[in-house]
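Encoded as structure tokens, the structure appears first; notes follow it.
What follows is calculated from the coordinates using simple rules that are stated; it is not laboratory data. Owing to the predicted nature of the structure, the values given are computational and were not obtained by experimental measurement. Cβ coordinates were reconstructed from backbone atoms using ideal geometry, including for glycine residues, and neighbour counts include every protein chain displayed.
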Amino acid sequence: MLWLPLFIALLSVGFAKLSIVTVNWFFGHRLTKRIIITLHSINFSLILGFPLLLAYGPGGCPLRLVLDRQWQLVPFFYWPVLISGVFGFTLLVWAAIDFQRTTAPSCLIDNESQFIDLKRRYGPSWQRIFIGSGPMTRVALLPGNEQFTIDVKTKIFQVPRLPRDWNGLSLVQLSDFHFRGAANLAYFAAVCEQAAALKPDLFVFTGDLLDDMERLDWISATLGQLNAPLGQYFILGNHDWYLDASSIRQTLNGCGWIDLASRCLMLPKHASTSVVLCGDETPWMGKHPDLSSIADDAFRILLSHTPDNIHWAREQRIDVMLSGHTHGGQIRLPLLGPVYSPSRYGVRFSAGEFWLKPTLLHVSRGISGREPIRYGCPPEITKLVLRCGPTNDSWCLPPWQRYSRISRARIDSIESRNTGCCGIVIRIRDHFWRPPPETSNRQTYCETPEMFEVGH
């Protein structure tokens, strides 16, 4: 039967999708490293064993009996196996359609990318410069791996509640460094050099710094080199929780970074309305920050390692939430998009920007991962510039939800140039429809602002 191998392949792909969706849900919870490794092994074994069970299981090939419409001869325990494959394939088709129809919310009014290809810049010597001796070195050297192509983004958002005195506030988000050794110190130093060149008002790091405590001294040569007028702020992630989180915090504090774990800090400025920064490392460490004492008109920015805290953020009227953790999936398949994303919501918040009233969620693809592999999902450094938007936030919704005309994003120009030490840069600029900009005079920030802690 010619159709039999095709149906086995389709059902196997469907089961793989269902299995990965289940694992994604589990990985969104507070699990130890040992449990996660065990689940990975079980998941991998099930995916490999499913097509063998269909084709060579006890009693022969049940799928052949189904295709021949001999339902009564199919063993009872095979039906759940077949149904799981069909259900998983349905999920796969739905996820592909959802991925293709997803567009950025219209409050993203400008998006500029610079792709810095370190391999092309340094030629054959790039391996000697950026490849270390840690685990997964062979993975980092796979053909076509985009781990060493850095996407430096500048995104401009119009947000409804941003006070005029803070119009133009800029921050650079870094996330998920995963110091382990395959990508060496020189690589992460180059990343931080690019981040410093963006010259934001503040830097934020949204967790997962280390996978190996022997790389703790890398912090001073990377994040320790970053300074901004309004300071540098961090939270930690689950991979830091697996290690010695207290030592990581102490080292970051010694490098001038401010810990936001489970608390809120107010950025002072000569203005009538404040901006409050909060940190959330749940479900792995600490608790949700207490926002009860924050003024109603304060603009609220939350650092949360996982995007799964988005609904809590909406309840707390967070204006901007910055997350990482999912790495964008690290591998994005053509048409299908990402498959693996350690979140209770699967790949829904794998990367990008999302408007869930009243919160703008931005999820970074991060810089590396425990496995340094990237296909269709290069590492990301993002500068976010916040501008005052209309007080009516319905215009932030995607086009099919706000029923107004919006032009499609288009590539305006492509520029390729040699930047000396930084690699080959390809600049892509997207222009979006936007309402007429609201102008306001931006005040100069203090170079050494005084910090006020909220709720203590």
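Show which lysines lie in cross-link reach of Lys33 when reach means a straight Cα distance below 22 angstrom and same-chain residues fewer than eight apart are skipped.
Leaving aside lysines fewer than 8 places away in the same chain, those within reach of Lys33 are Lys287.
Roughly how far apart, in whole Å, are the Cα centres of the range 199-273 and the range 116-171?
Using only Cα atoms, the two centres lie 18 Å from each other.
Work out the length of the dipole vector of the range 19-164 about its Cα centre, built from +1 on the beta-carbon of each Lys and Arg and -1 on the beta-carbon of each Asp and Glu, and round it to the nearest 20 debye.
460
Normalised by the residues of the range 63-164, what does the relative contact order come to in percent, with Cα pairs under 8 Å and at least six apart?
With pairs under 8 Å counted, the relative contact order is 34 percent.
What lysines does Lys199 reach when the alpha-carbon gap must be under 24 Å and sequence neighbours fewer than 8 apart in one chain are set aside?
Candidates past the 8-residue exclusion: Lys153, Lys155, Lys269, Lys383.
Would you pull out the residues with amide H under 5 Å of Leu356's amide H, same chain only if 5 or more places away, H placed 1.01 Å from N?
Amide H neighbours of Leu356, under 5 Å, 5+ apart: Leu361.
May I ask you to work out the translational diffusion coefficient for the range 3-100 at 4 °C, viscosity 1.567 mPa s, via Stokes-Einstein with Rh from the Kirkwood sum over Cα pairs, reported in whole µm²/s?
Once the numbers are plugged in, D ends up at 89 µm²/s.
Put one equal scatterer on each alpha carbon of the range 1-52, apply the Debye formula with no solvent term, and list log10 I(q)/I(0) at q = 0.14, 0.19, 0.23, 0.26 1/Å to two decimals.
Scattering profile of the range 1-52, log10 relative to I(0): -0.43, -0.65, -0.83, -0.95.
Tell me the Kirkwood radius of the range 138-181: reciprocal of the mean inverse pair distance over distinct alpha-carbon atoms, in Å.
In the range 138-181 this quantity evaluates to 14.5 Å.
Can you give the three extents of the C-alpha atoms in the range 224-263 along their principal axes, from longest to shortest, in whole Å?
Over the range 224-263, Cα extents along the principal axes are 32, 20, 13 Å.
With only Lys, Arg, Asp and Glu charged, each at its Cβ (+1 for the first two, -1 for the last two), find how big the charge dipole of the range 233-299 is about the Cα centre; round to the nearest 20 debye.
That gives the range 233-299 a dipole magnitude of about 140 debye.
Run the Debye formula on the Cα coordinates of the range 276-330, all scatterers equal and no solvent, and tell me log10 I(q)/I(0) at q = 0.21 1/Å.
-0.75
What relative contact order, as a whole-number percentage, does the range 169-272 give when Cα pairs under 8 Å and 6 or more residues apart are counted?
This gives 28 percent for the range 169-272.
Note down the magnitude of the dipole of the range 96-189 about its Cα centre, charges +1 on Lys and Arg C-beta and -1 on Asp and Glu C-beta and zero elsewhere, to the nearest 20 debye.
With Lys and Arg at +1 and Asp and Glu at -1, about 240 debye.
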